[in-house]
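So the structure is just underneath, and the comments pick up after that.
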Ligand code: ADP
Ligand code: MG
């Protein structure tokens, strides 16, 4: 480890040389209370910025052990420190100090969810933040003597001072962040024994400020959530004490109600609450079964050797739909494939919105059954399968269904959204179902049946470009460039951050090299990945250490793999 003096001399010497001279910075330095690590130096001012880490011993940082003694608390505290470091970097870094990214100091981008991240690590010995720095240059000439020194000795140390010493933080906010996440996780751990698949605390703010953003709607406009009495549930949480709200039981739940009354908003909040949220988000105590997966139609998607026979069979061409492949799925086949792929990797709760579903996969009513005989219709609609999924496999569903009362027959619970508030209308729906008895016939047989396990061929997962060079890159939230192909994630609703997208690409490559061997199923592969993530951490999967990775779930990893157009499965 080099001294502060040596770093200053080095910065003097690099100044005015060719940009490549900056490479000499790679290494580690003692600066005051800190250790500074320069892990990677950018090749030019416009390239990806350089990667730095700053570490402070706990003797100086002084975080009480109780704030990171459990896995949940540690993840929450690391998330909090990432956010503080980022705020301080935005406030303190001067920014523009020459060409390209000169002057930039930044940690990862993040959203409303608290995730396992690589941006910060806290242990009994130290706290460390990984961030990026745009080394200052005029054109391609290093401006290290003055600008570089200012960035390192003034800005970076000041940012660290404000965010990494417990005494310099607002302690009640640190505690609140950690305790909020712990309480939410506590509720999640209790859902199963309460026979619930989701919980929404009274007072939660579900709507978001805009269709694309994830921040909460302004408090003056949003109607806070309130449970109907009959669905009330409560949890005695470790920090906040009793939290009351609505529990959604296992089984089949319908969400009905008029247009614009908040049905999709409710379902989206449930979908995103497989993750914990930061205090102030409005969904801090909206908690969903971690094995919940949004299912939708996705016409045009690629499907590889997927067993969609529970939903589609006896197609006119005689095609075997227990091993269905296509480059360009229809609405119904894509939605059927999305269901069987989610089940394949362990989904326990399906979340389905009629807005984004294929009508012919959802329902076939009495009149249509009269006109088009079953022998002429390959599709068995979900209405005939959804109860079987619960009875045979314990897989529950929550469906937004304002358009078809036939579903009353298969629903265990019916919730009506009225002026953004839920009402329990289960009894009323039952009465109506009896009064106007549906004459539609059940289709598709008495059993959902088994689905096949698929084994990926590792050679079919190849991230090399035509030139032979490996290229894996997250392009926004919606696309992973994987070699010369793009994986389309635009219809995957439960990715909340780009940092997850980055990691998904690397995990798929890792799995092709180290996990899939032609004899390992997708399900086994995903289990292994989750195990490694817990035991060895995120960096097990990445080509180098960087601060901008966050954990995805196995469902989103599998979803990306399933959309890789070269994938081949036995
Ligand atoms: P639906 O699916 O029933 O047609 P949406 O969930 O799309 O309705 O909601 C319609 C509009 O109402 C959206 O713009 C949404 O932001 C807004 N909204 C939903 N829930 C609330 C709420 N609790 N308070 C205020 N506005 C809400
Ligand atoms: Mg809707």
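The values are calculated or read from the model by the stated rules, or taken from the named source; none is laboratory data. Predicted model only: the values in this text are computed from it and were never measured. FYI the Cβ positions are ideal-geometry reconstructions off the backbone, even for glycines, and counts take in every protein chain you see.
Would you check if residue 373 is away from ligand 1 (no atom under 16 Å from the Cβ) and surrounded by 21 or more Cβ atoms within 10 Å (Cβ to Cβ)?
For residue 373, the condition - away from ligand 1 (no atom under 16 Å from the Cβ) and surrounded by 21 or more Cβ atoms within 10 Å (Cβ to Cβ) - is not met.
Can you say whether residue 158 is touching a residue at least 60 places away in the same chain (Cβ under 8 Å), under 20 Å from residue 61 (Cβ atoms) and more than 16 Å from ligand 1 (Cβ to nearest atom), as far as the supplied structure shows?
The answer is yes for residue 158.
Which one of these is more than 20 Å from residue 198 (Cβ to Cβ), away from ligand 1 (no atom under 16 Å from the Cβ) and at pLDDT 95 or above: 459, 443, 431?
One residue alone meets the criteria, 459.
When segment 336-383 is examined, which residues are found to be within 28 Å of residue 455 (Cβ to Cβ), part of a loop (DSSP other than H, G, I, E, B) and within 28 Å of the chain's Cα centre (by Cα)?
345, 346, 347, 348 - these are the residues of segment 336-383 that are within 28 Å of residue 455 (Cβ to Cβ), part of a loop (DSSP other than H, G, I, E, B) and within 28 Å of the chain's Cα centre (by Cα).
Pairs needed: first member in segment 340-362, within 23 Å of residue 522 (Cα to Cα); second member anywhere, within 16 Å of ligand 1 (Cβ to nearest atom) and part of a helix (DSSP H, G or I); C-beta distance under 7 Å; at least 6 residues apart or different chains.
Going by the 7 Å Cβ cut-off, the qualifying pairs are 351/267; 351/270; 351/271.
Would you call residue 367 outside the structural domain of residue 117 (by TED's automatic domain parsing) and either crowded, with 24+ Cβ neighbours inside 10 Å or at pLDDT 95 or above (or both)?
When the stated conditions are applied, residue 367 does not pass them.
Checking the conditions here, which among 32, 62 is over 37 Å from the mean Cα position of the chain (by Cα) and farther than 25 Å from residue 96 by Cα?
32
Restricting attention to segment 458-486, which residues are closer than 13 Å to residue 512 by Cβ and surrounded by 15 or more Cβ atoms within 10 Å (Cβ to Cβ)?
Within segment 458-486, 458, 460, 461, 462, 463, 472, 482, 483 meet the criteria.
Right, residue 279: over 27 Å from residue 456 (Cβ atoms) and at pLDDT 95 or above or not?
Spelling it out, residue 279 is indeed over 27 Å from residue 456 (Cβ atoms) and at pLDDT 95 or above.
If only one of 304, 298 is in a strand (DSSP E or B), at pLDDT 95 or above and either more than 16 Å from ligand 2 (Cβ to nearest atom) or farther than 23 Å from residue 410 by Cβ (or both), which one is it?
Residue meeting the stated conditions: 304.
Can you give me the number of residues within segment 119-148 that are within 22 Å of residue 78 (Cβ to Cβ) and part of a strand (DSSP E or B)?
The total comes to 11.
Please give the strands (runs of 3 or more DSSP E) falling wholly within segment 1-118 in which 1 or more residues are without any contact (Cβ under 8 Å) to a residue 60 or more places away in the chain and surrounded by 18 or more Cβ atoms within 10 Å (Cβ to Cβ).
27-31, 34-40
Determine which member of the set 300, 282 is more than 16 Å from ligand 1 (Cβ to nearest atom) and at positive phi.
Sole residue among the options that is more than 16 Å from ligand 1 (Cβ to nearest atom) and at positive phi: 300.
When you scan segment 249-295, how many residues do you find that are in contact with a strand residue (DSSP E or B) (Cβ under 7 Å, 6 or more places away or on another chain), under 22 Å from residue 218 (Cβ atoms) and more than 15 Å from ligand 2 (Cβ to nearest atom)?
9
Quick check: anything in segment 310-325 within 31 Å of the chain's Cα centre (by Cα), within 16 Å of ligand 1 (Cβ to nearest atom) and not in a helix (DSSP H, G or I)?
Checking segment 310-325: not a single residue is within 31 Å of the chain's Cα centre (by Cα), within 16 Å of ligand 1 (Cβ to nearest atom) and not in a helix (DSSP H, G or I).
For segment 233-276, give me each residue that is away from ligand 1 (no atom under 16 Å from the Cβ) and over 28 Å from residue 390 (Cβ atoms).
Answer for segment 233-276, where residues must be away from ligand 1 (no atom under 16 Å from the Cβ) and over 28 Å from residue 390 (Cβ atoms): 236, 237, 238, 239, 240, 241, 242.
Please determine whether any residue of segment 220-227 is buried (at least 16 other Cβ atoms within 10 Å of the Cβ) and within 16 Å of ligand 2 (Cβ to nearest atom).
No, segment 220-227 has no match at all.
Considering (1) touching a helix residue (DSSP H, G or I) at 6+ places or on another chain (Cβ under 6 Å); (2) within 16 Å of ligand 1 (Cβ to nearest atom), say which one residue 177 fails and leave the rest.
Here residue 177 clears every test but (2).
Go through (1) more than 16 Å from ligand 2 (Cβ to nearest atom); (2) loosely packed, with under 14 Cβ neighbours inside 10 Å; (3) closer than 27 Å to residue 200 by Cα and name the single condition residue 441 misses.
Tallying (1) more than 16 Å from ligand 2 (Cβ to nearest atom); (2) loosely packed, with under 14 Cβ neighbours inside 10 Å; (3) closer than 27 Å to residue 200 by Cα, residue 441 fails exactly one: (3).
Whether any residue in segment 189-199 is out of contact with any strand residue (DSSP E or B) (no Cβ under 8 Å at 6 or more places or on another chain), closer than 24 Å to residue 247 by Cα, away from ligand 2 (no atom under 16 Å from the Cβ) and part of a helix (DSSP H, G or I) is what I want to check.
yes
What is the one condition in (1) touching a residue at least 12 places away in the same chain (Cβ under 8 Å); (2) more than 17 Å from the chain's Cα centre (by Cα) that residue 514 does not satisfy?
(1)
Give me the pairs: first residue in segment 396-412 and free of Cβ contacts under 8 Å to residues at least 40 places away in the same chain, second residue within 16 Å of ligand 1 (Cβ to nearest atom), beta-carbon distance under 9 Å, and six or more apart or on different chains, which are they?
405/256
Of all residues in segment 393-407, which are over 26 Å from residue 273 (Cα atoms) and away from ligand 2 (no atom under 16 Å from the Cβ)?
Correct list: 405, 406.
Determine, yes or no, whether residue 207 is surrounded by fewer than 23 Cβ atoms within 10 Å (Cβ to Cβ), at pLDDT 95 or above and away from ligand 2 (no atom under 16 Å from the Cβ).
In short, no.
Residues of segment 529-570 being surrounded by fewer than 16 Cβ atoms within 10 Å (Cβ to Cβ) and farther than 22 Å from residue 492 by Cα, which ones?
531, 534, 535, 536, 537, 539, 540, 543, 544, 545, 570
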